[in-house]
Amino acid sequence: MRTHFVHELESVRMELIEMGETTISLLDEVIRAVGSPDSDAAERASEIESQTDHQHRMIHDHCLNLIARQAPVARDARLLTGILDAIVDLELIGDYAYEIICLKPPPNNRPPSQVSSQLSELGTKVRDLLSMAIELWRGGDAAGAPLVRSREAAVRTDCQTMDEKLGQLVAGPGDARVYLNLLFICKHFERIVRHAVCVADQAAAAAPVTRAE
């Protein structure tokens, strides 16, 4: 019984990692969309976002089924609780990412290429932060969580700098709606960062400890 339960725990952990990888793929679409006028990005992003929703439901049900059948305690309980929390954050990241796709400027009314390039660079940093958080779940090591938190501060500073720059462009001449949408995109990137750090913290909390339980 214990061997089978351990196998199921590992299975649901891998399902979480797969959901994380799907969410990273969605962020890849976001980075491409804000950097270039890609008319297919919205359709691809919608398909990936739907996949994350399906994965969330599947993992949620799997965890609840294990809790109901096994009543896990200690490390096993921490793992399942961490997974349940992490999939909520991943689903929210997916929601924000899809909203970014919807907010991107149309091809005939795009901001200067320098602004688009800076937003893409910001998106890449956010994506890399989430990737680090997912790797913590893959490795089952709590030691990497502080590194994610240290990177968070730098990325959020970049978000705030970009936010200030876009705020000045909104107040200037031209189509303010474009830059207002870019402001929302920047805010969404910052929200994604917060959720990515939560995913990392949950991985650290669920990681095995050295003391006897």
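The values are calculated or read from the model by the stated rules, or taken from the named source; none is laboratory data. Predicted model only: the values in this text are computed from it and were never measured. As a convention, Cβ positions derive from the backbone with ideal geometry for all residues, glycine included, and neighbour counts pool all protein chains shown.
Put simply, of A45, A74, A68 the only residue that is free of Cβ contacts under 8 Å to residues at least 60 places away in the same chain, farther than 22 Å from V197 by Cα and out of contact with any helix residue (DSSP H, G or I) (no Cβ under 6 Å at 6 or more places or on another chain) is A68. Taken together, E49, E43, E10 contain a single residue that is in contact with a Gly (Cβ under 8 Å, 6 or more places away or on another chain) and assigned to a helix (DSSP H, G or I), which is E49.
Is there a residue in segment 63-81 that is among the charged types (D, E, K, R) and under 15 Å from the mean Cα position of the chain (by Cα)?
No, segment 63-81 contains no residue that is among the charged types (D, E, K, R) and under 15 Å from the mean Cα position of the chain (by Cα).
Residues in segment 15-40 that are modelled with pLDDT under 95 and over 16 Å from D95 (Cβ atoms): D28, I31, R32, V34, G35, S36, P37, D38, S39, D40. Of the residues making up segment 78-101, those that are in contact with a helix residue (DSSP H, G or I) (Cβ under 7 Å, 6 or more places away or on another chain), over 17 Å from T52 (Cα atoms) and surrounded by fewer than 23 Cβ atoms within 10 Å (Cβ to Cβ) number 3.
Note on segment 127-176: residues that are part of a helix (DSSP H, G or I) and modelled with pLDDT under 80 total 7.
So which of D28, D40 ends up being within 15 Å of the chain's Cα centre (by Cα) and surrounded by fewer than 18 Cβ atoms within 10 Å (Cβ to Cβ)?
D28
Applying the criterion of being of a type in the set (A, V, I, L, M, F, W, C) and touching a Pro at 6+ places or on another chain (Cβ under 9 Å) to the residues of segment 88-144, the residue that is farthest from E29 (Cα to Cα) is A142.
Filtering L80, L103, L130 for residues that are touching a residue at least 60 places away in the same chain (Cβ under 8 Å) and either farther than 18 Å from A207 by Cα or of a type in the set (V, I, T) (or both) leaves a single hit, L103.
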